[in-house]
Structure formats: structure tokens, C-alpha cells
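Novice: I am attaching a structure below and will ask some questions about it afterwards.
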Protein chains: 2
Amino acid sequence: MVGIDEVARRAGVSTATVSRALSGRGTVSAATRARVLAAADELGYVVSAAASSLATGRTRNVGVLVPLLDRWFYAQVLSGIATRLSPEGYDLTLYNLPDAHAPRRDVLARSLRRNRVDAVIALSVFLDDEEVAELQRLGKPVIAIGRQSPQLVALTVDDRAVARLATAHLLELGHTAVAHIGESRGRHGEVHVPTLRRRGFEQAMTDAGIPVHGDLLEPADFTIDGGYRAAGRLLDRADRPTAIFAASDEMAFGAIFAARERGLRVPEDLSVVGVDGHEMSGFFALTTVDQFPHAQGERAAEAVLAVLRSGDAPEPASLAFELVVRNSTARPA
Amino acid sequence: MVGIDEVARRAGVSTATVSRALSGRGTVSAATRARVLAAADELGYVVSAAASSLATGRTRNVGVLVPLLDRWFYAQVLSGIATRLSPEGYDLTLYNLPDAHAPRRDVLARSLRRNRVDAVIALSVFLDDEEVAELQRLGKPVIAIGRQSPQLVALTVDDRAVARLATAHLLELGHTAVAHIGESRGRHGEVHVPTLRRRGFEQAMTDAGIPVHGDLLEPADFTIDGGYRAAGRLLDRADRPTAIFAASDEMAFGAIFAARERGLRVPEDLSVVGVDGHEMSGFFALTTVDQFPHAQGERAAEAVLAVLRSGDAPEPASLAFELVVRNSTARPA
DNA sequence: CTGAAAGCGCTTACAG
DNA sequence: CTGAAAGCGCTTACAG
């Protein structure tokens, strides 16, 4: 690899001047700059990340924390982030945060502290207070997607409103036996997305004068299979619901598979609504609340870039969502 | 951030000794080592990536080149890679290689040359000769997944064999009108996965004495929607096939949607086989050739770690695949 | 506008 | 087994 001194020699200037010409910081005469650029180009010089970042303290790298790499939603957001970071010359380093405590601490207390990133985007990871503190101790901008902790600045959709919108759609069609598939316990209080969706569901039902009893809430883990099994439990009951609001499209797909397996037609015998705007929702004719995950990633990347440029603290922001009505919902029979 | 000299002061030794004690390289007495470890732990010291990598030339970071972040297959492989890299203390930096020429050059000639990675895993990206040369000029180990260039060491499945296996399954069931959805042009010759799958299909058909005419080959772009449209074209013909071999599960899903839309039953009226082992293939009852993408990622990561440890050149290897028969295939009516 | 020099925070021969 | 010192390849006050 050719170094800065080779470029300096070829251009007949000092390394300081090469550095100034290439970075655009400091003043260099037009003629000198041109000579330096030509020399760098001819030699194929690229600045060494390690040397540059040791000298400046900046890395031009953003860390992204993801709970799972192979869920559609996260892949979408990640893709959105990469889309906006790459043209700005920023790299993206991935940190997979598993459920287990030990490896999580390893990522937060070790990997991230190696000083390899200028900022962190935390994607829907549920951090406990100690972990959040660890993250903030980095002294670097942190942007969360999805509310994860009261202490983290986040880009969020209004998850209660999302759930109310989906539920209200079913109620307006005339359904009264509406069940919800999602998280039913409230461990994470005011910042837990699945819990907020369940609360929004409950609120819409209550507002419509329909009491919500525990039977209408089936817990599932946001996978297709989880949705399939939860829906199976609901549909095998004597008093099965006529509509299901699933807290994610993948769980909604599972519900559709469960219905189909039982000879129930969607939407004639069962209406289903999801959340996300999954790429396959159109094929399933699934009515869903789209939350534009790719755009969420882009927004997060933009927020990070803005903070890095301005030095200002990041600001929380609210993300768009939209009900997309397709053919998985209809009036009850 | 606390530095090595603070640790040295606290432990009452030189920074050289701290470095040796922490890295395990060089000799340190047990007592000194214990004191250093304790001091480092108390201070929460973590070595600076930039300083360490400038001094050693090693980064403990692996670059992964991906064409698309939001395809299921790539997300799986990526997840497999991360799974194996993370416990070894290696970070993973993502480089998205789009189709356009300019940004690709930017990644290969700029980003990767910033010296931020010790090795590169290239995931199903089709590089032209110049790009491969650029990659090799890095002087770092490169492992490809999927055959991409004759010059790159790769982990590959035998794609012709995969296609023959899928096609033979349909032929054994008694189908003779078998169509293929995939890539139909052979730009990339001997190293292009879609082309190899098409050739395997043609070979199986020819071996069975069935001539393959162009009508049986419908090009598609490996997305669900592409498969849906390609299958639509096949199924709208007067002499529609009784079976379809799709070169990916996602295209197979699209084919199933296309059949369903036309009132054709799978497998009674149409048999469908895919390739990949997609997480949803079970729900679609799709017969497929599983190629275990998560395991492919793990294998690639292991190969990279082995090369990094031994200093030996990487070696090509062959990956497993397996026909999984489900309910999307049956004897023709 | 430009250069000499110090410094970023480590690692590693070298000497003892 | 341990320390002093040079060096990794840049950047940036400082001086001119």
C-alpha cells in the first residue's frame, strides 16, 4: 500500500500539504492541490483508516446494533441505513446483540469501546438500564430506532396509534370479536413496542365499548411460526374471533396459513391485519399498517450524519405510518 | 477513554508490559499479569482499535461484500458469518455493492483500501475481471461464497447438481412438460450460478430424452414478483407446463401465487420445486433443494478465521445441499 | 501558502 | 521477565 510520503515525494511537497490538499482542511494553492491530487491518483493512494483515525479521533464508521440479522424488518432498516451512509463515505460495522447477557456485555463493553465508530444506531434492541448506561458512556451520538429506553434519543412510530388504526379498521367493518396476536406481558412499560401495540389495541376496543378479556390476547414472538401457532390456538376455540390484529406482518402471514389449514377463508371467515408493510404482504393480499422500514433506516442514517456534522445533540423524531387496505379484511359474515 | 499508560501507572509497570500482558504475546510473570489484568479491569480499559491496528497492521475486522441487504438469502448468510466472527472478537463491516459501476469502484478502490479489514468475504457479487483484480490487489485473503470468478477462491454448492436433483425429482414423478424459471442468458459462463442451474436443468431433461426448447425457459430476477410474473407467462399458455423448477424459493413462492390466482391447484394441477430452503418454504409446503445459507455463512467465517490464523492461502470447498420433498410436487394429473 | 515537528495510542524488536 | 525507545501513517497547531 502506498503511503502519504510517496505521494508527497511525487508531488514535490511535504506530507502536511498532501494531507491538507486531500482532506480539504487548511489552505493549499490551486496549483499545488492539482499536483497532489494527480500524484495521489496516479499512485492509487488511499488514506489509512487507522492512521487517520488515530490522528483525528474520527473513524468515518457507524456502528449498527441489531438483535437479529435475519428478520425481514431489520434487513430492511439496515439496507436503508447503508443506502444513505455509503455515498457519504461512511462505513457500517454490524454488531449483533444476542439475547444472552454475556455476549451482549461483550459487545457493549468491549467491541464498541474499541473506538471503531463515530456514532451508533441501535435498532430495536431492548437494553436494560445498565446497558444503556454502558452505551452512553461511549460519549458518542446514539440514535435508536423504536423506543427502547427513556434515556435514548429515538426515531419512533406512534405504536399505540398504529394499533388503534389497525383495530379501528376492523371495528369499522363491523367486527366485535377481534383478537390480538403480539406480546401480552408488559415488562418494558412505556417503551416496549409490542406492549404499546397491545395497549393501542385495548384502547381502540374499549373506546368502541367492547371489553377486552385475556382470551383475546395471544402471545407470539413476531415470527411467522409464532403467529401461526397463536392463530391456531385462537381459531380452535369454540368462540373463535372473526378478526385478528397481528402486531407484525410475519405473524399475520402465520395467521393466514393457520386459517387456510382449517378450511377458513380469508377474509370471508376471518379478517387479518398486520403491521410493517412486508414485501410479501401484497401477495397475501394482507391489509397492513405500513411503517416503511427502509425509510426508517434512511432517516436514522441522516440523523446520525447531521449530528456528526453539526456536533449538536440528536433529536427525537416521529416516523410515518399508513393503513394499506387489501383483501384480507372484510365485513364479518 | 482510559489509555494504556493509565493502566501501566496503576499496575506499576511500563506500557510495554501492559501490552504484553493483555495480548498474551511475549512473556510476563504470572504476578505481573494478574496485576495488569486487575488494573485494566478496574479502569475499564479497552485497547484502541486505531492505535493497535496502526502498530500491528491487523484490524480484527472482516469486510463483507453484499449485493443486496434485504434479500432473505443474503441476510441468512450474513447472520451465519456474524455468528462465527463475533465470539472470536472480530467485527464485521458491511460493504453494499450496488449494480452501478461508479459506486462499486468506490467501494473496491476506496473503502476497502482504507485498510480497515483483515480479510474479505464476497457474497454472490458478480465482479468483472477488473474488479476482481482490484480486490486481489488488496493483498488480503478473499473468500467468495458462490462461484463468482475463476480467480477467486470460493465456497460453492454444485449448482448443476442442485438443478439436476430438482429436475430429476419432477421427472421421476412422471412430468414431461417441465419449465424452468431463472436466468436464461449465459453472460457469465462457467461461474454464473443462475446459468449453472439452467444448464443442470437442461442436462437432466436431455438425459431423460426430453428436448428443451426456449419456451420452457422463463427469465426472472430471483424475486417473488419476478417468479410470479414468469410463472404467469408460462401458465397462460395453451400448452402450459405441469411442473416448474424455479431457481430460488422466492421465485417458487411467486409461481405458487400465480397458480393460485388462476385457480390452479398445487400440486394437483402444477408441481413446483425451488432452491434455497427459505424459512417460509415449510408454510408453502414447497419442495426445495435446501442449501443451508446460514451454514454457508458460518463456513465462510471459519475459512476466513483459519486463513487469518495460519497465514495459509484459503482453499476452495464444496457446500452441502439436500432435496426436501414436501407437498408442492406430485404425479401429473 | 507551506514545512518541520509533535503527537495520536499502541506494539515490538532490542538491551539488560 | 521487563523497560526505554522507535515506529506504525497520518494530522495539525505553530512558525515562517
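Novice: Roughly how compact is segment A:5-126, stated as its Cα Rg over 2.2 N^0.38 Å to two decimals? Don't skip to the answer; put the middle values down first.
Specialist: Values: Rg = 19.1 Å, N = 122, 2.2 N^0.38 = 13.7 Å.
The reported ratio for this selection is 1.40.
Novice: To the nearest 20 Debye, how big is the dipole of segment A:4-47 about its Cα centre, given +1 on the beta carbon of each Lys and Arg and -1 on that of each Asp and Glu?
Specialist: In debye, rounded to 20, segment A:4-47 gives about 200.
Novice: Report the per residue volume, in Å³, of the convex hull enclosing the C-alpha atoms of segment A:32-86.
Specialist: Convex hull of Cα atoms, per residue: 134 Å³.
Novice: Let me ask you something else. Go through A:Val212, A:Val162, A:His278 and say which Cα lies farthest out towards the positive end of the charge dipole of segment A:159-290; charges sit on Cβ, +1 for Lys and Arg, -1 for Asp and Glu.
Specialist: A:Val212
Novice: So, one more: Would you mind getting the accessible area per residue of segment B:159-290, heavy atoms of the protein chains only, 1.4 Å probe, in Å²?
Specialist: 35
Novice: Taking K and R as +1 and D and E as -1, what net charge do the other residues with C-beta under 13 Å from the C-beta of A:Thr167 add up to?
Specialist: Here the count lands on +1.
Novice: When chain A is modelled as a GNM with alpha-carbon springs shorter than 10 Å, which of A:Thr288, A:Thr83, A:Thr15 fluctuates the most?
Specialist: Top of the fluctuation ranking is A:Thr15.
Novice: Where the convex hull is taken over the Cα atoms of segment A:57-170, what is its projected area averaged over directions, in nm²?
Specialist: Mean orientational projected area (segment A:57-170, Cα hull): 8.2 nm².
Novice: In a shell of Cβ-Cβ distance under 10 Å around A:Thr223, excluding A:Thr223 itself, what net charge do Lys and Arg (+1) and Asp and Glu (-1) give?
Specialist: -2
Novice: Which whole-number percent is the relative contact order of segment B:4-47 (Cα, under 8 Å, 6+ apart)?
Specialist: 39
Novice: Using a 10 angstrom cutoff on alpha carbons, build the Gaussian network for chain A and name the most mobile of A:Pro316, A:Pro87, A:Pro141.
Specialist: Checking each option, the largest mean-square fluctuation is seen for A:Pro87.
Novice: To the nearest 20 Debye, how big is the dipole of the protein assembly as shown about its Cα centre, given +1 on the beta carbon of each Lys and Arg and -1 on that of each Asp and Glu? Please list the in-between numbers first.
Specialist: On the way: 74 positive and 82 negative charges, 400 e Å.
So the magnitude is around 1920 debye.
Novice: Two decimals, Cα atoms only, Kirkwood Rh: what is Rg/Rh over segment A:4-47?
Specialist: Here the Rg-to-Rh quotient is 0.90.
Novice: Which percent of the accessible area of segment B:159-290 is formed by carbon and sulfur heavy atoms (probe 1.4 angstrom)? Could the numbers behind the result be given before it?
Specialist: Values: 2250 of 4620 Å².
Of all accessible area on segment B:159-290, carbon and sulfur atoms account for 49 percent.
Novice: Under the classification rounded if a/c is under 1.5, otherwise prolate if a/b is larger than b/c and oblate if not, where does segment A:55-101 fall, given a ≥ b ≥ c as square roots of the Cα gyration tensor eigenvalues?
Specialist: oblate
Novice: Next question. Please give the calculated 222 nm ellipticity per residue for the protein assembly as shown, where each DSSP H segment of at least 4 residues contributes -39500 (n - 2.57) and the sum is spread over every residue; nearest 500 deg cm²/dmol? Before the final figure, lay out each step's value.
Specialist: On the way: 24 runs with 277 residues, N = 666.
Using -39500 (n - 2.57) per qualifying helix, the result is -13000 deg cm²/dmol.
Novice: Another question about this same structure. About the Cα centre of chain B, what is the dipole size in debye to 20, counting +1 per Lys and Arg Cβ and -1 per Asp and Glu Cβ, all else neutral?
Specialist: Here chain B has a charge dipole of around 1020 debye.
Novice: Considering only the other residues whose Cβ falls under 11 Å of the Cβ of B:Glu42, what net charge follows from Lys and Arg at +1 and Asp and Glu at -1?
Specialist: Around B:Glu42, the charge tally is 0.
Novice: Measuring nothing but label to label, 7 Å from Cα along Cα→Cβ, what are A:Ala317's distances to the other copies in nm, shortest first?
Specialist: Here the equivalent label points are 4.4 nm apart from this one.
Novice: Moving on to the next point. Say a label goes 7 Å from Cα toward Cβ at B:Arg262 in every copy; what distances in nm does this one have to the rest, shortest first?
Specialist: From this label point to the equivalent ones elsewhere in the assembly: 3.3 nm.
Novice: Further, regarding this structure: With just the Cα atoms of segment A:212-275, tell me how far they stretch along each of the three principal axes, in Å, largest first.
Specialist: Principal extents (largest minus smallest coordinate, Cα): 25, 24, 16 Å.
Novice: Can I ask one more? If one takes the longest principal axis of the Cα atoms in chain A, at what angle in degrees, from 0 to 90 and to the nearest 10, does the Cα axis of helix A:193-207 lie?
Specialist: 40
Novice: What does the accessible area of A:Arg240 come to, in Å² to the nearest 10, when a probe of 1.4 Å is used?
Specialist: Its heavy atoms expose roughly 80 Å² to the probe.
Novice: Over the Cα atoms of the protein assembly as shown, what radius of gyration and what Dmax do you get, in Å?
Specialist: So, for the protein assembly as shown, Rg and Dmax equal 27.6, 87 Å respectively.
Novice: Give me a comma-separated list of calculated 3J(HN,Hα) values for segment B:272-283, in order, Karplus coefficients 6.51, -1.76, 1.60 applied at θ = phi - 60°, integers in Hz, x for any Gly or Pro.
Specialist: With the stated coefficients, segment B:272-283 comes to 9, 10, x, 9, 1, x, 5, 4, 8, 4, x, 5 Hz.
Novice: Here is a follow-up. Give the Rg/Rh ratio for segment B:159-290, taking Rg as the radius of gyration of the Cα atoms and Rh as the Kirkwood radius, to two decimals.
Specialist: Ratio of gyration radius to Kirkwood radius for segment B:159-290: 0.92.
Novice: If you don't mind, another one. For chain B, what is Rg from Cα atoms divided by 2.2 N^0.38 Å, rounded to two decimals?
Specialist: Details: Rg = 25.2 Å, N = 333, 2.2 N^0.38 = 20.0 Å.
Scaled against compact globular proteins, the figure is 1.26.
Novice: Nearest 10 degrees, 0 to 90: what angle lies between the long axis of helix A:30-43 and the longest principal axis of chain A (Cα atoms)?
Specialist: Result, in degrees: 70.
Novice: Throw me the Rg/Rh for segment A:106-195, computed over C-alpha atoms with Kirkwood Rh, two decimals.
Specialist: On the way: Rg = 17.2 Å, Rh = 15.2 Å.
Ratio value, two decimals: 1.13.
Novice: Quick one: helix B:249-261 against the long Cα principal axis of chain B, what's the angle to the nearest 10°, folded into 0 to 90?
Specialist: Helix B:249-261 and the main axis of chain B meet at about 40 degrees.
The values are calculated or read from the model by the stated rules, or taken from the named source; none is laboratory data. The structure presented is a predicted model; accordingly, all values stated were derived computationally and were not measured. Virtual Cβ from ideal backbone geometry, glycine too; neighbours counted across all protein chains shown. Accessible surface areas use protein heavy atoms only, side chains included; no ligands, DNA or RNA. Shrake-Rupley method; radii C 1.70, N 1.55, O 1.52, S 1.80 Å.
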